[in-house]
Amino acid sequence: MLKIIPISAFKDNYIWVGINEPLGEAIVVDPGDASPVFDFLNEYGLTLVGILVTHKHADHTGGIGELLDAYPNVAVYAHPIENISSTTHFVKHGEVILIDKWPESFRVIHIPGHTLGHVAYYTNHVLFSGDTLFGAGCGRIFEGTAEEMLCSLNKLAALPMDTEVYCGHEYTLANLHFALRVEPENEDIRQRIKVTERLLLNNNPSLPSTIELEKKTNPFLRCIQESVISSVEDYVNRKLKNTVDVFYELREWKNHFYV
């Protein structure tokens, strides 16, 4: 199975590194800053062979240019809609990526909502979800619609339950506090808060999560649950017509929720 290590960047970003130990090679996901990537590669004696980009925001792409200066032949994968100038390989939904000499392939999942060309990369029960699916949360809807974002989340929720989720930010604890406000009787959320607090207290990431855990504790994957529907309807003080409306109002609620 792919060995995955997080590199912390900026305030709360994660740059994920996949390592092929026998060959001393690495791929990176969303390198917003080149400096910590260089430090990591040098410390462990690794050669960069691929860059996977989930979307265009600078905190996920800002280090690509510098990395390519040092590794000019490295392939950079991204969706064409994102218009990332350093892209060498444009990807589309359902495409299978084969990086030279890399032992595992990656399947592309197009998940618009946060941005229109946002993609996730899936391999062997491992998911790099960028800023679409977070630990106990989801990304803001900047370019897509609520319906698109909900559809994207449903694509990810349909992956095997033991799929490990590696997202772009350490937002889990704050997201869990919101989740508990939405479902105050959800014991899975309370337990996850305790586990997450211990991890962060010991300077460990809260990730990876799993699809199974997200479906138990992430309100954005639970919009068909009566407990979530009731809570959102109480918040907006009206009945909601369908799941998309529930999701839209839930996301709006989160936009204005502060711990």
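Taking the solvent-accessible surface of protein heavy atoms with a 1.4 Å probe, what is the per residue accessible area of region 91-199 in Å²? If you can, show how the numbers build up before the last one.
Numbers: 4360 Å² over 109 residues.
The answer is 40 Å² per residue.
The fraction of accessible area contributed by carbon and sulfur in region 5-152 is 50 percent, rounded to a whole number (1.4 Å probe; ligands and nucleic acids excluded).
Counting only lysines at least 8 places from residue 241 when in the same chain, those with an alpha carbon closer than 26 Å to its own are 155, 215, 216, 254.
Volume per residue of the convex hull around the Cα atoms, evaluated for region 105-160, comes out as 67 Å³. Bridging of residue 194 to aspartates and glutamates at a Cα separation below 18 Å is possible for 170, 183, 185, 212, 214, once same-chain residues fewer than 8 apart are set aside.
Among 67, 201, 133, the residue with the largest mean-square fluctuation in a Gaussian network model of the chain, with springs joining Cα atoms closer than 10 Å, is 201. Suppose the Debye formula is applied to equal point scatterers at every Cα of region 91-211; what is log10 I(q)/I(0) at q = 0.11, 0.12, 0.15 Å⁻¹? The Debye formula, applied to the Cα set alone, gives -0.40, -0.47, -0.72.
Loop only by DSSP, 14 or fewer other Cβ within 10 Å of the Cβ. Give me the trypsin sites (Lys or Arg not before Pro) in region 85-167 that pass, ordered by residue number.
92, 101, 140
Working from label points 7 Å from Cα in the Cα-to-Cβ sense, the residue 239 to residue 100 distance is 6.2 nm. Comparing mean-square fluctuations of 168, 113, 65 from a GNM of the chain with C-alpha springs under 10 Å, the top value falls on 65. A straight Cα-to-Cα reach below 26 Å connects residue 101 with the lysines 3, 92, residues fewer than 8 places away in its own chain not being considered.
For the pair residue 226 and residue 66, what calculated FRET efficiency results from E = 1/(1 + (r/R0)^6), where r is the Cβ-Cβ distance and R0 = 45 Å, to the nearest 0.05? Before the final figure, lay out the partial values.
Values: r = 50 Å, r/R0 = 1.11.
E between residue 66 and residue 226, to the nearest 0.05, is 0.35.
For region 10-156, would you read off the P(r) tail past 25 Å as a percentage of all alpha carbon pairs?
On the way: 2483 of 10731 pairs.
Tail of the P(r) past 25 Å holds 23 percent of the pairs.
Beta-bridge orientation, region 1-130: approximately 70 percent antiparallel, per DSSP, counting only bridges with both partners inside.
The values are calculated or read from the model by the stated rules, or taken from the named source; none is laboratory data. As the structure is a computational prediction, the values presented were derived from the model and not from experiment. Glycine gets a Cβ as well: all are built from the backbone with ideal geometry, and neighbour counts include every protein chain shown. All accessible areas refer to the heavy atoms of the entire protein, side chains included, with ligands and DNA or RNA removed. Shrake-Rupley method; radii C 1.70, N 1.55, O 1.52, S 1.80 Å.
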